[in-house]
1. Ordering R61, R98 by accessible area with a probe of 1.4 Å, largest first, what comes out?
2. How far is it, in nm, from the label point at L50 to the one at K117 when both lie 7 Å from their Cα along the line to the Cβ?
3. Tell me the label-point distance for the pair D66, N86, using the 7 Å Cα-to-Cβ offset, in nm and rounded to one decimal.
4. Among all helices in the chain defined by DSSP H, which have a length of 27 Å or more along the axis from Cα atoms plus a Kyte-Doolittle mean of at least 1.6?
5. Given points 7 Å out from each Cα along the Cα-Cβ axis, report the E13 to E73 separation in nanometres with one decimal.
Amino acid sequence: MGVGKRGEALAKEGSGFRLGPKVDDNSKKLGGNCYACHQMDLKVPAHGTLGPSLTGLGKIRGNTPDTQKYVYEVIYNAHAYFPCTNMPRFGANGFLTRDQIADLMAYVLDPESPVNK
């Protein structure tokens, strides 16, 4: 697993690959924009409801090697588990690096993360 604080910043960063009248410069750093679809830290009031709530995920599922592998693979390529999902293939499409995915894993699985408080 990576560093939870970096994962938190990635989860909250909404830039990258947005469409509209002003298209993003995707040569700059990208974020996960996780809060657009998921609820995680209960202190963050704005969140989407398209994806499942991840609040307490580490408390519920634990932080075992199997759980870490599953969470990594879902972030890397959610379509391998959920063929009709709206979740992007963050790793498979090169939106996020392996280290960034590891940081997101730490944010949602670490017992000390605000997600699990």
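1. Working: R61 115, R98 150 Å².
Highest to lowest solvent-accessible surface, that is R98, R61.
2. For the pair L50/K117, the computed spacing is 2.8 nm.
3. 3.1
4. Working: long enough: none.
Span-like helices here: none at all.
5. According to this spin-label approximation, the distance is 2.7 nm.
The values are calculated or read from the model by the stated rules, or taken from the named source; none is laboratory data. Since this is a predicted model, take the numbers as computed values, not measurements. All Cβ positions, even for glycine, are placed from backbone atoms using ideal geometry, and neighbour counts span all protein chains on display. Areas reflect the complete protein model, heavy atoms only, side chains present, ligands, DNA and RNA absent. Shrake-Rupley method; radii C 1.70, N 1.55, O 1.52, S 1.80 Å.
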